[in-house]
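Visitor: Here it is, the structure in full.
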Amino acid sequence: MAKEVLLDDLNPQQKEAILHSKGPLLVLAGAGSGKTRVITHKFAYLAKKKKTEADSIFTVTFTNKAANEMKTRISSLIGDGMRSSWIGTFHSQCNKILRKEIKALGYKPDFTIYDDDDQCGLIRHILREFKIYEALYKGVVARISNLKSSLVSPEQFLSEGDGYSFDEKLGRVYLKYTDDLKKCNALDFDDLITLSVKLFTENPKILEKYQDAFSYFLVDEFQDTNQAQYRLMQILASKGKNICAVGDDDQSIYGFRGADVSNILNFEKDFPDTTVIKLEQNYRSTQNILDASGAVIAKNTARKSKSLWTDQGEGEKVSYCVLQNEDEEAKYVSRIIKDFYLRGSFEYNNFAILYRTNMQARALEDSLRSEGIPYNVISGISFYHRKEIKDVISYMRLISNNSDNVSLRRVINSPSRGIGASTLSKIEQEAKKNGISLFDAIGSIVKSGNLPQSMKDKLSEFTKIVKKISAKTYKSSSEMLKDIIESTGYIDELEDERIQNLLELVSSAENISVKDFMDRVSLASNTDNLSDGPAVSLMTLHSAKGLEFPVVFMVGMEEGILPYFKAMKSPLELQEERRLCYVGMTRARNILCLTSVKRRKLYSRVQDQEPSRFLLDIPKDYCKCIDKIQKKPEAALAPVKLQPKKPKALYVIGSRVKHPSWGVGIIRDCSGDGEDTKVTVNFTGVGIKRLCAKFANLEKI
């Protein structure tokens with residue numbers, strides 16, 4: 001592929017970033033500035049023009065979806081040679097390294113990866129054992145995760161703690177949790193990063209091996225790195241210093257997960273002689289949206305200044321409307337969406353409604369349903385986190401690793417075998433007394449324990465199933481999953497929907513090895529399966545990161561909501577709230593609507609609300625305000641109820657019809673039956689017409 005092709009349709013700053021191939025590079029990529037295009041073309045340029053081996057370019061991002069998109073784009077640019085490439089998430093890359101090298105840290109290469117549910121289950125078990133209030137488990141999990149991402153070991157935390165009783169207890173829980181993970185030969189997600197750092201820090205020869213193996217490092221979404229991830233990249237890139245960090249400090253919104261915006265702000269200090277390139281041409285939004293959002297983010301003091309511009313024109317001004325309460329706000333948004341749709345301006349999947357907290361979704365869902373508008377709430381339970389999926393995967397993990405105590409606790413009585421908490425407690429005591437796994441303890445307690453014979457039989461049957469499947473060799477994961485489902489009788493207790501989920505799981509495991517399938521499932525995230533559809537998207541501002549929509553509504557622009565009340569006393573957290581507002585605003589391509597209410601019901605209490613301070617930062621030149629809504633909406637906003645359609649309805653929404661005078665149009669709405677049928681049709685060049693089908697002389701085409 002010629003150099004000219006790789007640099008086609010790129011602006012000067014993008015070209016400069018791609019051509020830079022020696023020494024540290026920081027690319028400050030503003031929202032919608034073609035960041036992914038730069039990364040993929042830079043990879044292709046290094047591979048094609050600089051003759052760099054594809055598998056020596058270490059490329060990391062934060063989601064499986066982003067990594068897969070990168071692989072697809074790069075493959076289209078350089079063709080074959082991508083199978084062994086190092087393109088993936090931080091967690092998948094570290095998993096790949098640790099599978100080969102973790103023996104140096106005293107683990108076995110077939111370690112299990114615990115997800116959030118497994119982690120919570122183990123922490124709750126430890127809290128019960130230590131007689132600490134179990135309901136604290138979520139906070140404990142979050143604290144331990146933050147300590148790990150900050151590279152603070154349990155020993156370090158205990159030695160440097162402030163002596164308060166809860167911190168001391170936290171330290172003991174952290175230490176016990178770490179020990180239990182190692183006994184189970186298991187790692188949690190944070191361990192994948194922290195143990196990789198430990199591996200390289202304590203083993204100079206292994207570090208040198210990987211430093212020599214990689215000639216270039218590409219880091220996407222650099223503003224979202226935590227201290228452990230940043231340290232990992234510092235260590236790996238310290239020898240050749242050929243590292244390219246791409247990100248936007250204005251879009252750093254994951255501080256609660258440990259992301260440290262100072263990593264990108266301090267990059268030039270940590271990597272001397274860094275070249276800095278700003279990508280300021282935006283390819284997504286209109287200039288009014290960029291100017292409005294730019295005015296908001298400019299109020300943050302700790303940032304790298306950028307001035308985004310576009311050649312797509314000024315576009316419509318950002319609109320702002322104040323409503324009486326959350327129900328009126330939801331109705332207003334729904335009517336606007338319905339009107340846009342009926343006019344044929346946009347399809348339903350062109351709209352997104354963004355909010356700061358999940359509780360704001362209730363009124364919005366109610367209003368959308370009443371208007372007959374289809375919608376999807378982008379949240380909830382991931383496929384891989386459904387109970388039936390988690391149970392069967394836990395069987396798979398226990399069979400592959402009999403020392404996996406967390407998986408054993410999950411499945412020992414699923415499906416129900418009559419093995420209760422008291423029996424499990426005796427197994428726990430036996431395991432603790434002899435320093436063995438729960439699975440081995442079952443064997444010991446069956447032989448010598450003081451249990452009724454009926455219970456011994458149940459335990460023996462359970463271990464027999466596990467051992468029987470463990471002894472087999474499977475060509476693919478689907479074969480193993482089928483055997484688990486059949487041997488355990490798990491499917492017998494399920495209703496049809498859950499059975500269908502299991503069948504989908506088995507189908508997805510075709511032609512994938514057990515090891516690869518378990519890694520894929522363990523590393524799956526909740527956002528990997530997002531797909532477009534003919535429905536309005538509802539999501540939190542945090543979930544909207546990386547997405548874009550023609551029309552965006554940001555609701556709840558009020559003090560205490562955005563910015564969130566818990567962040568208002570901390571200058572650093574308040575700056576992150578401002579970045580969150582900026583991220584939301586820059587999701588919009590064509591139209592951005594902001595709303596707030598005068599009174600809102602929060603936590604079972606109605607209270608007066610003040611407009612968000614972020615609204616005051618938007619100059620009037622870029623924003624138009626709507627102070628109130630008429631009691632009777634204008635005709636353009638009049639709600640039109642979608643009536644249930646009969647199977648053999650003459651007119652179907654979305655179908656094409658022809659009128660003798662107005663030509664071809666698309667049916668946007670239909671109501672009534674027989675001679676009373678009314679249709680709303682969008683005619684090309686004419687616009688919306690509401691007709692009585694009896695007299696309209698419409699011809700279906």
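The values are calculated or read from the model by the stated rules, or taken from the named source; none is laboratory data. Given the structure is predicted, the values throughout are model-derived calculations rather than measurements. Using ideal geometry, Cβ is built from the backbone for each residue, glycine included, and neighbour counts are taken over all protein chains shown. Side chains are part of the model used for accessible areas, which takes the heavy atoms of the whole protein and leaves out ligands, DNA and RNA. Shrake-Rupley method; radii C 1.70, N 1.55, O 1.52, S 1.80 Å.
Visitor: Pull up the cross-link candidates among the aspartates and glutamates for Lys299, meaning alpha carbon to alpha carbon under 15 Å and not fewer than 8 places away within one chain.
Guide: Partners within reach: Asp249, Asp250, Asp291, Glu573, Glu576, Glu577, Asp617.
Visitor: What nm value, rounded to one decimal, do you get for the distance between Ala302 and Thr274 when each label is placed 7 Å out toward the C-beta?
Guide: Roughly 1.5 nm, to one decimal.
Visitor: Follow-up. Which ³J(HN,Hα) values, rounded to whole Hz and listed in residue order, are derived for region 130-135 from phi using the Karplus coefficients 6.51, -1.76 and 1.60 in 6.51 cos²θ - 1.76 cosθ + 1.60 with θ = phi - 60°, glycine and proline given as x?
Guide: So the J values, rounded to whole Hz, are 8, 6, 9, 3, 5, 5.
Visitor: For region 45-129, give the magnitude of the charge dipole about the Cα centre (Cβ charges: +1 Lys/Arg, -1 Asp/Glu; no others), in debye to the nearest 20.
Guide: Details: 15 positive and 11 negative charges, 108 e Å.
Here region 45-129 has a charge dipole of around 520 debye.
Visitor: When only DSSP loop residues count, what trypsin sites (Lys or Arg not before Pro) in region 27-84 have their Cβ near at most 10 other Cβ atoms within 10 Å?
Guide: Details: sites: Lys35, Arg37, Lys42, Lys48, Lys49, Lys50, Lys51, Lys65, Lys71, Arg73, Arg83; in loops: Lys49, Lys50, Lys51, Arg83.
Within region 27-84, the qualifying trypsin sites (Lys or Arg not before Pro) (loop, at most 10 other Cβ atoms within 10 Å) are Lys51, Arg83.
Visitor: So, in nm, how far is label Ser416 from label Val686 when the simple model puts each one 7 Å beyond its Cα toward the Cβ?
Guide: Using points 7 Å along Cα→Cβ, the separation is 6.4 nm.
Visitor: I need the phi-derived Karplus couplings for region 101-113: 6.51 cos²θ - 1.76 cosθ + 1.60, θ = phi - 60°, integer Hz, Gly and Pro marked x.
Guide: After applying 6.51 cos²θ - 1.76 cosθ + 1.60, I find 10, 5, 4, 5, 9, x, 9, 8, x, 8, 4, 8, 9 Hz.
Visitor: How many angstrom lie between the Cα centre of region 656-701 and the Cα centre of region 175-230?
Guide: About 63 Å separates the Cα centre of region 656-701 from the one of region 175-230.
Visitor: Can you find, among Ile102, Tyr137, Thr59, the residue sitting farthest towards the positive end of the charge dipole of region 1-157, where Lys and Arg contribute +1 and Asp and Glu -1 at Cβ?
Guide: Thr59
Visitor: Here's something else I'd like to know. Helix-only mean residue ellipticity at 222 nm, the chain, DSSP H runs n ≥ 4 weighted -39,500 (n - 2.57), per residue, nearest 500. What is it? Please report the intermediate quantities before stating the final value.
Guide: On the way: 27 runs with 304 residues, N = 701.
About -13000 deg cm²/dmol.
Visitor: Calculate, for the chain, the solvent-accessible area per residue in square angstrom, rolling a 1.4 angstrom probe over the heavy atoms of the protein chains.
Guide: Using a 1.4 Å probe on heavy atoms only, each residue of the chain averages 46 Å².
Visitor: Next question, about the same structure. If the chain between Lys475 and Glu129 were fully stretched, how many nm would it gain, using 0.36 nm times the residue separation less the Cα-Cα distance? Walk me through the numbers on the way to the answer.
Guide: Values: separation 346, 0.36 × 346 = 124.56 nm, distance 4.08 nm.
Here the segment from Lys475 to Glu129 would lengthen by 120.5 nm.
Visitor: Round to a whole number: what % of the accessible area of region 147-210 belongs to carbon and sulfur, probe 1.4 Å?
Guide: Details: 1650 of 3090 Å².
Ligands and nucleic acids excluded, carbon and sulfur give 53 percent.
Visitor: Taking region 447-526, which trypsin sites (Lys or Arg not before Pro) meet the DSSP loop condition and have no more than 15 other C-beta atoms within 10 Å?
Guide: On the way: sites: Lys447, Lys456, Lys458, Lys464, Lys467, Lys468, Lys472, Lys475, Lys482, Arg498, Lys515, Arg520; in loops: Lys472, Lys475.
Counting only loop positions with at most 15 other Cβ atoms within 10 Å, the trypsin sites (Lys or Arg not before Pro) in region 447-526 are Lys472, Lys475.
Visitor: Would you mind checking Lys433/Lys468; Lys198/Lys569; Lys71/Lys566; Lys209/Lys433; Lys176/Lys198; Lys42/Lys182 for any pair whose Cα atoms are more than 30 angstrom apart? Each step should come with its number before you reach the end.
Guide: Working: Lys433/Lys468 27 Å; Lys198/Lys569 36 Å; Lys71/Lys566 40 Å; Lys209/Lys433 42 Å; Lys176/Lys198 19 Å; Lys42/Lys182 40 Å.
Pairs exceeding 30 Å: Lys198/Lys569; Lys71/Lys566; Lys209/Lys433; Lys42/Lys182.
Visitor: Give me P(r) over the chain, computed from all C-alpha to C-alpha distances, binned every 20 Å, as integer percentages.
Guide: Reading the bins upward from 0: 15, 42, 35, 8, 0.
Visitor: Just how much of Trp309 is accessible, in Å², when a 1.4 Å probe is used and the result is rounded to the nearest 10?
Guide: It works out to around 120 Å².
Visitor: Taking 7 Å along the Cα-to-C-beta vector as the label spot, tell me the Arg599-Ser319 distance in nanometres, rounded to one decimal.
Guide: Using points 7 Å along Cα→Cβ, the separation is 2.6 nm.
Visitor: Additional query: Evaluate the relative contact order of region 112-217 (contact order divided by residue number), counting alpha-carbon pairs under 8 angstrom at least 6 apart; express in whole percent.
Guide: Working: 63 pairs, mean separation 34.5, N = 106.
About 33 percent, as a whole number.
Visitor: Computing the accessible area with a 1.4 Å probe over protein heavy atoms, can you report the carbon and sulfur percentage for region 334-447?
Guide: Working: 2090 of 4350 Å².
In region 334-447, the share of accessible area belonging to carbon and sulfur is 48 percent.
Visitor: Could you calculate the FRET efficiency of Glu53 with Asn266 from 1/(1 + (r/R0)^6), where r is the beta carbon distance between them and R0 is 30 Å, rounded to 0.05?
Guide: Result of the calculation: an efficiency of 0.45.
Visitor: Also, quick follow-up: Return, ordered by residue number, the residues of region 400-440 whose backbone nitrogen is under 12 Å from a label point located 7 Å along Cα→Cβ of Lys108.
Guide: 400-405, 437, 440
Visitor: What is the Cα centroid distance between region 277-325 and region 38-111, reported in whole angstrom?
Guide: 34
Visitor: Using packing as a proxy for protection, rank 171-177, 655-661 so that the peptide with the highest average count of other Cβ atoms within 10 Å comes first.
Guide: Working: 171-177: 19.4, 655-661: 13.6.
For the peptides 171-177, 655-661, the packing ranking is 171-177, 655-661.
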